[in-house]
């Protein structure tokens, strides 16, 4: 994600779902908010029915009438909500009780209008949809409208339920007394100075952990994506009316790991611990030949990180990881960074039901899909890191129909302890060590020598880094420069903004083990869903492993990955793509407001439908509900 308010760098740099034609049906006139009908069999007049099955009532309403504002439109997409101007949809999290949390990230500070919450959306907002159980969501939801009025454009508009604000940037919860948050929600302070560094408008990941001994009570963990980054925890209880009350608020203490950077999306592990992702731009450039900028006195974009550490200058190799919040419900949760999962621009990591296999997405241009297999269940401190190698379907290049077979390239095995020992060798580096034309850190030449099996690191004269020059080879390249290491070993480093990844736990368990986990349905194949914000740049063209056409471009799309009986991903294929159209005003290509625009987070419901949050270029981004059966 992204539009980080205080980014370390300035910028790193439908599925054409053809609705199934029913017998003798033809497209009727535009209807008034057509109601999605139940899927039937062998019906007539199903012009816009779900793909592959002719329904008595088509997806868009009876007799194939296309509903207002593109409701479903034969694409399987329903607009569940829109967020205010300037904002993206983040923090999707669906609880076992059917509560859907999502955030309004960095809305425009020019928003002044208020909805039923009695507050304008002019700052980062954490919230939840109330009055509806998303685990029992009907299939005849009618899309909310495309915002037109100033009120619709400045507030959260929903197709179902009511959006409740749980907190906004800077909230202190004064009515809670000592259980409030004197420093303010999303506000970060320097470790050494104690001074306020930033009020963060970027709430991202949400993860809800229910209380074991209090019914309808739990703890909501929220990432705050900036640098320095952070995580809040709200203890909450739900009333009989379905609304939530805040009982306690805190910002977690990350001092023990020298702070975090750009806490992006995340997940809750199967054993109940939040996993927060550092998406700090870590200079893991695919083609770069130098990594010297960090301690260059002219490189000022690292300045805010200097507040976090002692000595003053930060060690970049201490950032860019997955951090696990252990003992999350205690008064003083423990935070552990898992260097074993690799250092790169983490969007989020996802632990499979075997409690050992972890998939992690890299949100950058030229990124890698990584896999980590822990040596022991519930322990991510040691294991083996892998990178995905893609083989594109022959003869295809349209993103709507082109899939990829997946094999896995082993990168290296390691432990947190040994990797941290390598990291510590860079702790004392400062601006005084900078030499023009050299690097104090690992270079591409170092990583290439490692991948080629060299016995020693290159010298300074050979382009090696200051710390390792001429020393015996080790595996630090695999974990400190993971993308470059994966690329040098043959993994595919061509994804463009690889975003959220998600599974439905019960569906995966049933598909893999045969246990009856999903009521009323036999699940024989489960998938991991993948959001890709842009299908452009390194994903398009005639070279590399990914050679797609540029038809979708910046609108992006959602893929799914087949999961085998060993929780291994074997194939990735498109599910639903955004669609471009040409603006009549400017002639520029834009994303169709009734289709996806840069999908970010994805959530898989138990019935197989998916919820998609946009980080797009629309004036009002959308929270979508998509039914894969529509394809």
Exercise for review: List 338, 562 from most exposed to least, where exposure is judged by having the fewest other Cβ atoms within 10 Å.
Suggested key: 562, 338
Study note, to complete from the structure: Relative contact order of segment 472-631 (C-alpha contacts under 8 Å, at least 6 apart) in percent is 18
Exercise for review: Decide, for segment 529-631, between rounded, prolate and oblate: order the square roots of the alpha carbon gyration tensor eigenvalues as a ≥ b ≥ c, take rounded if a/c falls under 1.5, and otherwise choose prolate if a/b is larger than b/c, else oblate.
Suggested key: oblate
Exercise for review: Arrange 271, 408, 294, 422 by Cβ neighbour counts within 10 Å, fewest through most, would you?
Suggested key: 271, 408, 422, 294
Revision key, fill the gap. One finds the C-alpha centres of segment 598-631 and segment 217-252 to be spaced, in Å, by 24
Review point. Does segment 467-596 come out rounded, prolate or oblate, given a ≥ b ≥ c as the square roots of the eigenvalues of its C-alpha gyration tensor, rounded meaning a/c under 1.5 and, failing that, prolate meaning a/b above b/c?
Key: oblate
**Study point:** Between segment 484-501 and segment 367-419, the Cα center-to-center distance that results, in Å
**Key:** 9
Check your understanding: Over segment 412-531, what relative contact order in percent results from Cα pairs under 8 Å that are six or more residues apart?
Key -> 18
Revision key, fill the gap. Ranked on Cβ counts within 10 Å of their own Cβ, fewest leading, 570, 538 go 570, 538
**Study point:** Centroid-to-centroid separation of segment 179-205 and segment 102-136 [C-alpha atoms, Å]
**Key:** 20
Review point. For segment 331-447, what does the alpha-carbon gyration tensor say about shape, rounded, prolate or oblate, given a ≥ b ≥ c as the root eigenvalues, a/c under 1.5 as rounded, and a/b over b/c as prolate?
Key: oblate
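Throughout, read-outs are computed from the coordinates displayed, never taken from laboratory work. Here the structure is a predicted model, which is why all the values come from computation and not from measurement. Note that we place each Cβ from the backbone using ideal geometry, even for glycine, and neighbour counts take in every protein chain shown.
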